[in-house]
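To keep things clear, I will list the structure first and then write my remarks on it.
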Amino acid sequence: MSFKSKLLLFVQNDNTIYQLLLMGLLIASPALHFLCFYNSYDPIWLRLLCSAFCIAALAFSFYNIRFFNIAGQYLTIAAFLVVNNGILLSRNGFEHVYLFSAIAIFIALTLFCKKRWEFVALCVFNLLATVTAYITAPKLYISMNVLVVLLVTFTFIAHVSFLVMMAYKARFKKALNNVIDLNKSLIINDEELRQSGKKLDALINSLNDIIFEFDENKVCLNTWFRRIEGRIVNPETLIGKTLNEVLGDEKAKKFDDAMDYVIKTRQPASITYPSDFGTGQWFVAKITPVFDRDGNYTHRLSASVTDISEQKKYADALKENESLLLEAQSIAKIGNWYFDVPTRETYLSESLYKILEIDSIPDTVGKFEYYLSLIHPDDRETAYAYFTNIQEIGKKAFEHKLITPLGKLKYIKVLKGELLKDEEGNLSRIIGVLQDITEIKLSEKKIKLSQSELVEAQLIAKLGNWNWDITLNKVTWSEEINNIFEIDPTTVNENSIVKFLVKYAHPNDRYILKQHLKDISNITNTSYEYRIITPNGNVKHLSIIVGKLLRRDDGTVRKVIGTIQDITDRKQAELEYQRSENKYKLVLETIKMPAISIDKKGNIIFCNGQMAKTLGYTQDEVMGINWLDRFVPEREREELYQAFIKNSFKA
């Protein structure tokens with residue numbers, strides 16, 4: 001390209017023009033200082049500040065970052081407007097030299113405008129800066145009328161220059177384009193042959209495949225491939241050679257077998273294989289016979305090799321996900337199904353076959369009919385009605401019993417999924433899930449049985465449990481507590497366990513009970529015995545146990561759990577025993593014979609007055625003394641001790 005053409009291209013570049021304008025402003029700023037400064041306010045640092053903005057914008061213009069480039073230009077324009085047309089005009093009272101300096105800067109800044117809105121914005125900001133300077137000026141050398149005339153006149157001149165510049169730029173660009181088009185037409189003629197070759201190379205380089213051409217002797221005649229770095233083997237090394245010579249007999253065997261098949265049958269063949277060079281990649285090689293335009297076999301073979309590593313990875317991941325899904329369905333005992341309305345076909349997943357304990361369904365029987373045959377006779381009619389009207393039934397779930405071909409009874413839960421419709425709004429597919437809930441059902445039965453046994457055990461033990469939720473201010477209790485208190489639960493509405501217990505407490509025990517349960521959050525002794533009077537007038541002895549206090553994070557009690565037991569029978573037995581013991585002691589005290597009672601360890605637990613007198617002690621002193629150690633001779637002590645242990649006393 002000639003120097004003139006290069007110069008035209010250089011000048012045509014808008015960025016270059018802006019760079020020239022910035023360099024002009026860079027020089028003009030300090031130059032104006034020396035031209036204007038004379039007993040006036042014109043600090044050099046303000047001029048250098050404008051020059052600094054010019055340098056920054058000039059630096060940004062050499063980088064292809066549009067934001068910083070434009071921002072640099074806008075900041076430079078703003079700096080010159082503020083300094084020249086604002087600060088210096090104001091401080092110097094619009095002296096003529098500074099006024100014409102500001103006008104010159106304004107007209108120069110209009111050269112940066114490429115669009116009409118940029119010019120309008122520049123005029124507005126210039127007007128704002130000038131008016132602000134006029135208002136804030138300490139002293140003025142021109143009147144307002146003169147200022148208005150100058151602003152209008154020079155804005156008009158700037159606008160005319162802007163229009164002239166835009167027209168010139170358009171004409172210049174058009175002329176420049178004509179020159180460039182002429183140069184291009186000359187270059188194209190010179191490049192046509194070279195471009196055709198480049199297009200062929202570009203076409204080949206756009207292919208991801210490596211293409212080989214073989215003859216029937218399996219010798220590579222040519223190869224086409226995209227030239228990239230990092231290939232383990234350059235495909236061009238195969239030209240003029242067979243695959244056996246490059247790869248070895250063992251690795252080349254799969255390709256030889258495929259080419260033998262293509263030569264023999266003249267039908268295409270493909271093979272999928274991992275990289276023969278240990279890279280971990282996977283490839284597919286498609287080998288086809290080559291025919292000419294007339295369909296005649298040319299005794300040539302073409303082989304395209306494609307890297308399918310990504311597809312292989314996705315396929316393996318899909319297979320793994322399917323395996324995980326099947327495993328999850330197996331663990332959850334879930335199987336999916338769908339019914340295709342147009343084809344009337346039913347699909348059952350592999351996991352669903354496992355739930356039904358079958359390997360396959362006979363071809364002579366439809367899948368839906370076969371499934372209905374497995375449903376328990378008690379549920380078959382209901383299940384048939386549900387499945388045949390499933391698209392209309394609002395119920396999402398349905399449960400039924402099923403008997404597998406192996407004779408096992410199972411409980412099945414059917415979940416209806418999404419109803420898919422075609423473009424016309426007609427139902428096209430029904431999707432759903434089946435779940436084996438046999439274990440859940442059996443667990444529910446066990447729970448019910450356990451609850452029944454618990455109720456029975458509580459009834460036998462006359463033991464009931466209660467639960468006081470302080471947060472909800474609600475008390476709940478088991479049925480046995482109703483039996484103990486002889487109350488109708490529908491007539492009781494207590495929100496505090498303390499109030500409930502005190503309500504039926506015996507008058508003589510009511511105060512003690514209140515004191516024990518006064519502050520239940522700090523309760524120490526969790527077991528109490530007291531009496532109640534039932535609505536039927538029966539007096540009963542109860543044992544209340546505060547079993548557990550559930551607290552919040554701040555330590556306050558939110559729930560109290562405990563039990564109540566009717567111990568009336570035990571208390572009556574204790575009283576009877578105490579009466580009998582008192583009678584026994586009274587008899588022994590009245591007779592004139594020594595008498596004592598000792599426990600199984602030999603400790604004295606009762607001693608009448610006659611025996612205490614005989615031993616030389618008072619009755620209180622004798623109590624708790626070991627009879628064997630204190631009063632039995634040592635030679636007889638062991639024998640008597642063994643008799644105690646074996647309970648083998650003889651008369």
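Quick notes
- Amide H contacts of residue 417 (H built 1.01 Å from N, under 5 Å, at least 5 apart or other chain): 431, 432, 433
- Overall, the accessible surface of region 24-173 at a probe of 1.4 angstrom is composed of carbon and sulfur to the extent of 76 percent.
- With 10 Å bins from 0: P(r) over region 230-271, alpha-carbon pairs, percent: 26, 46, 26, 2
- Region 277-386, accessible surface, carbon-and-sulfur percent (1.4 angstrom probe): 54 percent
- Dmax and Rg, reported as Rg then Dmax, of region 338-433 (C-alpha, Å): 13.8, 45
- Taking all protein chains as shown and a probe of 1.4 angstrom, residue 570 keeps an accessible surface of around 110 Å².
- Cross-link pairs 333/445; 333/408; 319/401; 416/446 - those with Cα-Cα distance over 26 Å: 319/401; 416/446
- Probe 1.4 Å, protein heavy atoms only - accessible area per residue of region 1-151 in square angstrom: 56 Å²
- Rounded to the nearest whole Hz, the Karplus-based 3J(HN,Hα) values (6.51 cos²θ - 1.76 cosθ + 1.60, θ = phi - 60°) of region 106-114 follow the sequence 4, 5, 5, 5, 5, 5, 6, 6, 9, with x at glycine and proline.
- Ordering 180, 447, 533, 567 by accessible surface, largest first, gives 447, 533, 180, 567; the 1.4 Å probe counts only protein heavy atoms, with every chain in place.
- Accessible surface ranking that places the most exposed of 623, 166 first, with a 1.4 angstrom probe: 623, 166
- Listed pairs 395/421; 354/396; 354/421 exceeding 26 Å between Cα atoms: 354/421
- Rolling a 1.4 Å probe across the protein heavy atoms gives region 250-350 an accessible surface of 65 Å² per residue.
- Computed on the Cα trace of region 208-278, the radius of gyration divided by the Kirkwood hydrodynamic radius gives Rg/Rh = 0.94.
- Normalised contact order of region 387-442, rounded percent, pairs of Cα under 8 Å and 6 or more residues apart: 29 percent
- Entry for region 86-140 at q = 0.17 Å⁻¹: log10 I(q)/I(0) = -0.53, Debye formula applied to identical alpha-carbon scatterers, no solvent contribution.
- Per-residue accessible area (protein heavy atoms, 1.4 Å probe) orders 550, 48 as 48, 550, starting from the largest.
- Across all directions, the average flat footprint of the convex hull enclosing the Cα atoms of region 1-144 is 9.9 nm².
- Pairs of Cα atoms farther than 24 Å apart, region 259-358, %: 57 percent
- Using a probe of 1.4 Å, the accessible surface attributed to residue 113 totals some 10 Å² when neighbouring protein chains are kept in position.
The values are calculated or read from the model by the stated rules, or taken from the named source; none is laboratory data. Small disclaimer: the values here were computed from a predicted structure and weren't measured. When the accessible area is computed, the model is the full protein with side chains, heavy atoms only, and any ligands, DNA or RNA have been set aside. Shrake-Rupley method; radii C 1.70, N 1.55, O 1.52, S 1.80 Å.
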